[in-house]
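In what follows, a structure is listed as structure tokens, so that the remarks can point back to it.
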Amino acid sequence: MGTYTLYGAECSYYSAKIRSYLRCKRIPYRERTNADEGYRERARVAVGFDVIPIMETPDGEIVQDTVDMIDHLEPLFPDVPAYPTGAVTGWAARFLATYASHGLIRAGLHFRWSYRQDNLDFIHHEFGRTILPNGPESEQVAMGVKIARRITSFLPFQGVVPETVEAIEDSCIELMRLMDRHFEAHPYLLGGQPTLADYAMTGPFYGHFARDPYPSNLMKRIAPNLFRWTERMNWPDMAAEFADYPVDLFADDAIPETLKAIIAHAASDFSNELSQTLDSMDAWFGGNPQISTGMRLPAERGAGYMSSHVLEVHGVPMSVPIKANIQWEHQKAADFYDSLTDRSVLDGLLADCGLLDLMQRPIARRIRRQDFGFVAV
């Protein structure tokens with residue numbers, strides 16, 4: 001099959017997600033930073049803007065979004081499928097992946113940037129080494145300082161402001177404790193093998209929390225089993241304590257109470273943002289009837305950021321961008337739900353978590369990825 005090239009960074013949220021997938025699936029790859037010639041001359045040129053991660057296939061195809069990367073690789077490497085087929089496990093993998101990729105962004109930013117005294121020296125070195133991997137340390141740090149200043153200016157844009165940080169932190173700490181209880185008994189979220197949910201959760205929990213000094217020490221103290229899972233997600237042969245655990249998903253699609261608690265927490269933390277995003281996407285399409293099938297959405301730099309809307313972030317109303325990519329990933333869970341012939345058990349779980357109406361809600365206008373951006377369907 002050849003060797004894939006991942007242009008990424010160890011401190012990158014989404015690089016952590018796809019790197020974990022490549023390692024757990026044992027797909028041959030090499031990693032390069034965005035200082036690499038291949039990134040500058042091929043990957044960035046193809047995509048049209050600076051972003052990581054980007055994947056280059058052995059035959060030179062450039063794939064930019066981690067969802068697209070996994071969907072590109074799954075048919076080629078079908079062992080240990082990322083997408084379960086059971087009604088409950090299949091839906092849970094897709095929903096938790098959407099939550100991890102979008103609902104935990106603010107927590108990732110908060111724990112990295114709100115504890116500057118603990119984290120900043122480390123982050124400056126990390127960012128600088130990514131851009132100038134062979135440069136002297138002084139130049140690496142200077143570059144890291146420059147990048148850090150630019151990123152911190154984006155925090156209000158993402159909803160990380162003094163009025164929200166306490167609620168963001170409390171919610172994430174509760175999630176850490178719930179996941180810790182689950183990983184005390186189970187090696188992965190859906191049983192004895194990783195799925196899309198695990199890969200996506202590796203984004204915040206390894207890319208930010210397990211490596212940045214403050215959240216890393218916090219997680220080791222209050223959620224050591226969760227920290228151990230971040231190691232498994234990068235070095236799958238390290239799961240010695242689960243050597244006798246069946247290498248399979250939960251039998252008969254019956255998930256344990258520990259996983260139900262994680263799903264309920266994710267629903268409480270994210271369903272409002274998801275619902276409001278769908279409302280805003282519906283309203284945007286309603287106000288732009290000229291958008292025909294195949295027309296590109298005005299989403300910034302492929303990230304899905306469109307015109308702003310007022311979103312309640314932990315009860316605080318603020319103006320933030322509409323994120324089209326939230327709807328795009330939600331469509332995977334919605335399509336899977338619609339494909340099921342027997343939803344009885346899943347509907348019970350959804351009702352308990354307050355998600356049934358959301359999952360049964362029709363999507364007025366669908367979108368899809370094309371040419372490193374979004375187009376209307």
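Any read-out appearing in this document is the output of simple, stated calculations on the displayed coordinates, not a laboratory observation. Values in this document were obtained by computation on a predicted structure and should not be read as measured data. Note: ideal-geometry Cβ built from the backbone for every residue, glycine included; neighbour counts use all protein chains shown.
What the table shows:
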read-out: For peptides 275-287, 191-203, 108-120, sequence by mean Cβ density within 10 Å, most packed first; value: 191-203, 108-120, 275-287
read-out: Two-decimal log10 I(q)/I(0) for the stretch 80-223, as the Debye equation yields it once each C-alpha is a single scatterer, q = 0.10, 0.14, 0.16, 0.17 Å⁻¹; value: -0.41, -0.75, -0.92, -1.00
read-out: Whole-angstrom gap from the stretch 50-80 to the stretch 241-270, using each part's C-alpha centre; value: 27 Å
read-out: Convex hull per residue volume in Å³, alpha carbons only, for the stretch 4-73; value: 78 Å³
read-out: Part-to-part distance (alpha-carbon centres) for the stretch 354-371 and the stretch 153-189, which is given in Å; value: 25 Å
read-out: Lys/Arg +1, Asp/Glu -1 at C-beta; the chain dipole; positive extreme among LEU297, GLY135, MET179; value: GLY135
read-out: Student exercise, the chain dipole from Lys, Arg, Asp, Glu Cβ charges, in Debye to nearest 20; value: 860 debye
read-out: Neighbour-count ranking [beta-carbon atoms within 10 angstrom, fewest first] of LYS146, LYS260; value: LYS146, LYS260
read-out: Around MET233: net Lys/Arg minus Asp/Glu count, Cβ-Cβ under 14 Å; value: +4
read-out: Pairwise label distance in nanometres, SER344 with SER292, each label 7 Å out on the Cα-Cβ vector; value: 4.8 nm
read-out: Estimated FRET transfer efficiency when R0 is 35 angstrom, pair ALA376-LEU76 (beta carbons, to 0.05); value: 0.75
read-out: Fewest-first sequence of SER15, SER292, SER307 by Cβ atoms within 10 Å of each Cβ; value: SER292, SER307, SER15
read-out: Pairs beyond 24 Å (Cα-Cα), from LYS146/LYS220; LYS25/LYS220; LYS260/LYS323; LYS25/LYS332; LYS17/LYS332; value: LYS146/LYS220; LYS25/LYS220; LYS260/LYS323
read-out: Peptides 233-239, 149-155, 346-352 ordered by average Cβ neighbours within 10 Å, highest first; value: 346-352, 233-239, 149-155
read-out: Only Lys, Arg (+1) and Asp, Glu (-1) charged, at Cβ; the stretch 272-376 dipole about Cα centre in debye; value: 500 debye
read-out: Distance in nm between pseudo-label sites at ILE151 and ARG177 (7 Å out along the Cβ direction from Cα); value: 2.9 nm
read-out: Alpha-carbon Rg with Dmax, taken over the stretch 164-304, Å; value: 18.7, 58
read-out: Virtual spin-label span in nm between GLU41 and ASP244, 7 Å along Cα→Cβ; value: 5.6 nm
read-out: Size of charge dipole - the stretch 4-73 - debye, nearest 20, with Cβ of Lys, Arg +1 and Asp, Glu -1, no other charges; value: 320 debye
